[in-house]
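Here the structure is laid out as structure tokens; the discussion comes afterwards.
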Amino acid sequence: MAYQFDYSAIADYKEILFSGIAKTIVLTFIGTTLGLALGIFGGLCRAWSIRPFNYFFTVYVEGIRNTPFLIQLFFIFFGLPSPWDCANGVAGIYFGNGY
């Protein structure tokens, strides 16, 4: 029993699809460029021991490297304030309790 996929629905949304692909490529390029620039700057600051930046990048690198990625994802997902709490003027923390 072979299923025949029907791709005709994709043709209806071709413009939206290509728009999304273009935005994804642009955001990827911007994020990669900014991340590379920040990484080079941070590496140079730590290598040359530029005082204020050296402390900042040391804390940042050691904080990121010494926590598991899953814990970082949980903190971002559950620990950061939700947009609707900030929109109401309350900088509360969203614990995933269904609100």
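The figures follow:
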read-out	value
Contacts under 9 angstrom Cβ, first residue in the range 60-74 being more than 23 Å from F41 (Cα to Cα), partner of a type outside the set (D, E, K, R) and surrounded by fewer than 11 Cβ atoms within 10 Å (Cβ to Cβ), 6 or more apart	Q72/I64
Condition met for L36 (part of a helix (DSSP H, G or I), out of contact with any Cys (no Cβ under 6 Å at 6 or more places or on another chain) and at pLDDT 90 or above)	yes
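The values are calculated or read from the model by the stated rules, or taken from the named source; none is laboratory data. What you are looking at is a predicted structure, and each value in this text was computed from that prediction instead of being measured. Cβ sites come from the backbone with ideal geometry, for glycine too, and all protein chains shown count toward neighbours.
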